[in-house]
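Below is one structure; the comments refer to it alone.
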Amino acid sequence: MKNLLKCLLLLVSVGFISAKDCSKDEGAPCGNQWKIASVKWVLSHDSLKVDGKKVVLVGKITKKQDEDTYFLNDGTGTIELDSDINLPVGQEVVVHGRIDYAFFGERRTQFNVHAWRLASEPGHMHYHKK
């Protein structure tokens, strides 16, 4: 039941985002270019095929490591988030961004956050300022 409620909230939020004016690139999610995914899906796919893919994740911000590094767990796994936007540690959020596979130094998959909102507040997005 809890997962069903999360899915319904996520679908409602995608509807609000689709109504946004996409003529200006503000880093905001627009149209059908965003895939709703799990952390497990992101981490299990070939890095070259998913690098740069626009994705929506739903999960809990579990930790802030430094100024712009956070961790999100959605129940299927944990992923590192790179965010210039302050994220609420301990809260359930919906994040929109791009998968970023780091090729230099250590190989790891990150998620670059473009926008986020609390899972309990459909329609109220916080956007990355360029």
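Please give the net charge around TYR70, taking every other residue with its beta carbon less than 12 angstrom from that of TYR70, where Lys and Arg add +1 and Asp and Glu add -1. Taking every Cβ under 12 Å from that of TYR70, the sum is -3. All Cα-Cα distances of region 49-130, cut into 5 Å bins from zero to the largest, leave 3, 16, 27, 29, 16, 7, 2, 1 percent in each bin in turn. Full extension of the segment from LYS63 to ARG108, taken as 0.36 nm per residue of separation minus the current Cα-Cα distance, would add 14.4 nm. Potential lengthening of the chain between SER120 and LEU48 amounts to 22.6 nm, from the contour at 0.36 nm per residue minus the alpha-carbon distance.
Every number in this text was worked out from the coordinates using simple rules, so none of it is lab data. Everything numeric in this text was worked out from a predicted model, so none of it was measured. Neighbour counts are summed over all protein chains in view; Cβ atoms, including those assigned to glycine, are modelled from backbone coordinates with ideal geometry.
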